[in-house]
Amino acid sequence: MVNMKDIKHHLESYLIHDGFSKILQELKNESLTFNYSLESIKRELELKKATLARRKTIAEIINELMIEKGIEKPSQIYEKAGISRDYWSKMISNKIKEPSLKVLYKLAIAFELSIHETHTLLSNFNRAFAEDASMFDQIIAYFINEKIYSPDLIDQLLYEFDEETLFTTAS
């Protein structure tokens, strides 16, 4: 069972001690690490060029994640993410080209992505965790980095830190 008080204390410590900057530094370091042989540099540059030339659609990403994570029922994801069936259908049929940052966060949490996988997802849509991130973004990054994927817990702590909730709307 998750102890809300412990998580809140850890989240406060993360925010005070600039844990978000540490996540950003780790993501930067990872993207700069590769072998230094001429062939490996060429391969890395070709891969980056190919990636930049063709971004994946949200439908492609969702389908890949469903297969990779072994999820057979789409409802497992869109219900956990708090995404309506209609909106989900629009994403799957590529009627939605650029999902909002909040939808991307919801998908990252519903698919239980790592911080690196989330970074890749955001980057695909020209979004990223940034130095000037809001408190909201930092809190979301904390939960993803700590592999805490409970929408109720995330919303409860967002609310306690006077941030807009991600999964529920205020009544």
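Give just the number: which of (1) open to solvent by less than 30 Å² (accessible area, probe 1.4 Å); (2) assigned to a loop (DSSP other than H, G, I, E, B); (3) without any contact (Cβ under 8 Å) to a residue 40 or more places away in the chain does L166 not satisfy?
All conditions are met except number (3).
For the range 74-95, how many residues meet the condition of being surrounded by 14 or more Cβ atoms within 10 Å (Cβ to Cβ) and under 17 Å from F111 (Cβ atoms)?
13
Taking into account only those residues within the range 96-121 that are surrounded by 17 or more Cβ atoms within 10 Å (Cβ to Cβ), assigned to a helix (DSSP H, G or I) and among the aliphatic types (A, V, I, L, M), which is nearest to the chain's Cα centre (by Cα)?
Selected residue: A108.
Give me a count of the residues in the range 62-95 that are part of a loop (DSSP other than H, G, I, E, B) and not hydrophobic (A, V, I, L, M, F, W, C).
To start, the set of residues in the range 62-95 that are part of a loop (DSSP other than H, G, I, E, B) comprises 69-73, 82-84, 93-95.
Subsequent filtering for residues that are not hydrophobic (A, V, I, L, M, F, W, C) retains 69-70, 72-73, 82, 84, 93-95.
Adding up the residues that qualify gives 9.
The values are calculated or read from the model by the stated rules, or taken from the named source; none is laboratory data. Since the structure is predicted, the reported quantities are computational estimates derived from the model, not experimental observations. Positions of Cβ are backbone-derived with ideal geometry, glycine not excepted, and every protein chain shown enters the neighbour counts. Side chains are part of the model used for accessible areas, which takes the heavy atoms of the whole protein and leaves out ligands, DNA and RNA. Shrake-Rupley method; radii C 1.70, N 1.55, O 1.52, S 1.80 Å.
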